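The next block holds one structure in the form of structure tokens; read it before the comments.
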Amino acid sequence: MGINYQRAGQFEETRFEKIHNVVFNSSKDGSIMVAYEIADLIREKQSKNENCVLGLATGSSPIKVYEELVRIHKEEDLSFSNVITFNLDEYYPMDKENIQSYHYFMHEHLFNHIDILPENINIPNGKIKAEDVYQYCLDYELKIKEAGGLDFQLLGIGRTGHIGFNEPGSHYNSGTRIITLDHITRVDAAPAFLGIENVPRKAITMGIATVRAAKRIVLLGWGEHKASILKGTIEGVISSEVPATYLQQHDNTTFVLDTEAASELTRNKTPWLVGSPKWTEELKNKAIVWLCEITKKTILSLTDKDYNDHGMSGLLAQEGSAYDLNISMFNKLQHTITGWPGGKPNADDTNRPERANPAKKRVIIFSPHPDDDVISMGGTFDRLVEQGHDVHVAYQTSGNIAVSDKEALKFAEIANTLGANDTKKILNDIQNKKENTVDTKDVRKLKGLIRRGESYAATRYIGLKDENVHFLDLPFYETGTIKKNKLSETDIEVMCNIIKEIQPHQIYAAGDLADPHGTHKVCLDALFEALKRLKNEPSMKDCWVWLYRGAWHEWDIHEIEMAVPMSPDQVLKKRHAIFYHQSQKDGVMFQGEDSREFWMRAEERNRGTAQKYNALGLADYAAMEAFVRYHF
Ligand code: F6R
């Protein structure tokens with residue numbers, strides 16, 4: 001089975017799991033492992049004078065594997081001269097030159113940087129005439145067989161459970177063919193194509209049987225957004241509804257996952273159902289919340305029998321009785337609730353999430369895009385201002401790419417009518433923009449200004465002075481496309497400077513790792529790096545960091561360390577603050593599969609958190625915003 005993953009990653013199969021899988025702390029570590037397995041295979045074949053036939057995937061999952069293979073080629077003399085590749089799929093119709101084509105992707109990420117012979121590269125042709133597609137697919141299959149069959153197949157997995165583009169409904173014995181893409185797959189591809197209407201409806205893909213015939217299969221799964229489909233694939237029943245489950249019947253398949261992607265597996269999600277876990281404080285809290293959900297009981301009404309019946313007898317034995325366990329969990333949750341997110345002056349703060357002193361705190365709310373502040377913590381923001389703290393908002397990116405051309409046109413036309421400078425050119429740029437092209441600098445500037453204007457409107461509504469609003473325009477974001485640059489020294493410096501300038505007692509930041517196009521994660525990385533560098537500054541000794549989550553997810557109840565309740569009036573006020581971000585209303589550009597507007601998602605989520613607290617037996621609030629403390 002190639003490389004010994006057991007030594008490198010965490011591997012521990014359970015009775016629930018039907019596919020061999022290894023979990024790494026990061027996608028980078030996992031990718032390096034996989035790249036070395038491929039490199040070793042290529043070398044082994046070379047030593048026998050044989051070709052090495054690789055089946056390759058595109059998408060975000062394999063990018064780091066390709067990066068590492070290029071590095072091994074350059075620094076460790078790995079030659080690809082004996083390698084023949086077959087790519088899994090290509091959109092249809094699709095020009096090779098189109099930057100969204102898989103042809104372009106493969107050359108950009110791998111082929112242009114290694115010594116593979118061009119004639120050994122096979123990628124389905126997205127331009128084949130409709131009447132020739134059938135024969136073309138048969139020939140593709142034949143070519144794989146003639147090359148000796150796939151020695152190794154690299155896969156990613158789609159949220160529909162597709163491998164290649166074998167969408168739900170695909171047959172176990174399917175071969176290379178043309179298919180219609182599932183709606184979810186098109187939604188996922190929409191940001192890259194700048195809108196779902198630009199995503200092709202069809203693709204040519206290798207079939208399930210083509211993939212199954214590979215001698216070795218490795219599937220890569222990274223990130224929280226893949227966790228649920230990976231659980232279904234690894235633990236579920238084999239069905240055409242989740243085509244990746246067919247891999248359960250392949251005897252040399254390994255799934256290589258990161259911790260987030262593996263988080264829904266039974267052994268991680270509810271380890272007490274798998275064996276006798278070590279009962280850490282965190283696991284204990286998680287298990288009790290879960291037990292309440294399963295039994296539909298409040299914390300204080302759980303019995304010894306409830307614990308015993310649900311795999312938690314070890315915990316019960318360790319802690320004494322349900323009574324003790326219940327009381328301590330109830331108190332713990334009760335202490336997370338506070339209407340004083342900046343601390344309550346002159347109050348005993350032993351059991352409060354925040355310190356009482358200093359009574360007036362300097363606060364920075366970092367907001368990745370110009371609107372996450374009010375969407376994710378509008379109620380808490382409002383309270384902090386109302387309770388007299390010196391609150392600053394720092395918008396990390398300009399958010400310009402999320403303003404539609406139609407929205408920008410409105411403003412350009414008004415400016416033009418007023419006769420403002422430069423607007424003729426901007427107007428012209430928008431009106432003559434070709435599909436799938438990047439905005440000019442001037443248009444991006446206008447779009448950024450629109451978001452600034454909206455942000456001022458919202459922060460003024462909450463009662464903030466304009467001088468407390470900072471637009472950082474981090475450079476990593478300014479590519480004009482969905483693909484951003486890597487963080488640079490300048491990004492980190494900008495973050496360090498604002499923290500040094502304000503010397504905050506509290507920092508709020510988006511700890512939202514499920515952002516579909518990753519900007520939140522990069523913004524968080526920038527903050528963490530800045531904190532690392534500033535750690536020893538005397539002013540930082542007094543600084544506490546609270547993480548909120550963005551529009552997509554909420555913290556699990558057992559993770560929450562501060563829950564700020566909101567009254568019905570505050571819920572309305574938050575809604576109005578979000579409304580000021582008008583360019584992000586009514587069908588935003590990067591909607592994802594959730595068609596609700598941001599204010600609706602925020603309200604439903606905040607109501608949901610309050611209801612969960614209530615279901616556990618705590619007070620009944622209209623809504624709650626939740627935070628987790630980050631210790632740096
Ligand atoms: C790509 C392919 C797809 C992707 C899958 C996951 O060639 O066939 O099955 O592997 O859609 O995509 P990412 O990796 O972008 O999440």
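The values are calculated or read from the model by the stated rules, or taken from the named source; none is laboratory data. Note that the structure is predicted; figures quoted are calculated from it, not measured. Counting neighbours? That spans all protein chains shown, and the Cβs are built from the backbone with ideal geometry, glycine included. Surface areas here come from the heavy atoms of the whole protein model, side chains and all, with no ligands, DNA or RNA. Shrake-Rupley method; radii C 1.70, N 1.55, O 1.52, S 1.80 Å.
Okay, residues lined up against (1) within 32 Å of the chain's Cα centre (by Cα); (2) at pLDDT below 95; (3) away from the ligand (no atom under 12 Å from the Cβ); (4) open to solvent by 10 Å² or more (accessible area, probe 1.4 Å):
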position	(1), (2), (3), (4)
K127	no, no, yes, yes
Y134	no, no, yes, yes
P168	yes, no, yes, yes
I178	yes, no, yes, yes
L181	yes, no, no, yes
I184	yes, yes, no, yes
A189	yes, yes, no, yes
From E319, E282, grab the single residue that is buried (at least 16 other Cβ atoms within 10 Å of the Cβ) and at pLDDT below 95.
E319
I need every pair where a residue in segment 25-42 that is within 16 Å of L56 (Cβ to Cβ) has its Cβ under 6 Å from the Cβ of a residue that is open to solvent by 50 Å² or more (accessible area, probe 1.4 Å) and part of a helix (DSSP H, G or I), sequence separation at least 6 or different chains.
S31/K64
May I ask you to list the residues in segment 21-35 that are buried (at least 18 other Cβ atoms within 10 Å of the Cβ) and at pLDDT 95 or above?
N21, V22, V23, F24, G30, S31, I32, M33, V34, A35
One residue from R71, R159 being modelled with pLDDT under 95, open to solvent by 20 Å² or more (accessible area, probe 1.4 Å) and either more than 16 Å from the ligand (Cβ to nearest atom) or out of contact with any His (no Cβ under 6 Å at 6 or more places or on another chain) (or both):
R159
Go through segment 101-124 and report how many residues are within 16 Å of the ligand (Cβ to nearest atom) and surrounded by fewer than 18 Cβ atoms within 10 Å (Cβ to Cβ).
4
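Could you say which residue among S376, S398 is in contact with a Gly (Cβ under 7 Å, 6 or more places away or on another chain), among the hydroxyl-bearing types (S, T, Y) and within 20 Å of I557 (Cβ to Cβ)?
S376 is the lone residue from the list that is in contact with a Gly (Cβ under 7 Å, 6 or more places away or on another chain), among the hydroxyl-bearing types (S, T, Y) and within 20 Å of I557 (Cβ to Cβ).
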Since P200 meets every condition but one in (1) in contact with a strand residue (DSSP E or B) (Cβ under 7 Å, 6 or more places away or on another chain); (2) open to solvent by less than 10 Å² (accessible area, probe 1.4 Å); (3) assigned to a loop (DSSP other than H, G, I, E, B), which condition does it not meet?
(2)
Among (1) within 16 Å of the ligand (Cβ to nearest atom); (2) over 29 Å from the mean Cα position of the chain (by Cα); (3) in a loop (DSSP other than H, G, I, E, B), which single condition is T85 missing?
(3)
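Out of the residues in segment 392-420 that are assigned to a helix (DSSP H, G or I) and among the polar types (S, T, N, Q), which is farthest from the chain's Cα centre (by Cα)?
T417
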Determine if segment 450-462 includes at least one residue that is at pLDDT 90 or above and over 30 Å from K361 (Cβ atoms).
yes
Unmet criterion (only one of (1) within 11 Å of the ligand (Cβ to nearest atom); (2) closer than 22 Å to I63 by Cβ) for F193:
(1)
Inside segment 205-242, can you point out the residues that are buried (at least 23 other Cβ atoms within 10 Å of the Cβ), within 11 Å of the ligand (Cβ to nearest atom) and outside any helix (DSSP H, G or I)?
T205, M206, L219, L220, G221, W222
Do you know which of the residues in segment 32-68 that are assigned to a strand (DSSP E or B) and within 16 Å of the ligand (Cβ to nearest atom) is nearest to A190 (Cα to Cα)?
L56
Does E76 satisfy being away from the ligand (no atom under 13 Å from the Cβ), touching a residue at least 12 places away in the same chain (Cβ under 8 Å) and under 22 Å from L257 (Cα atoms)?
no
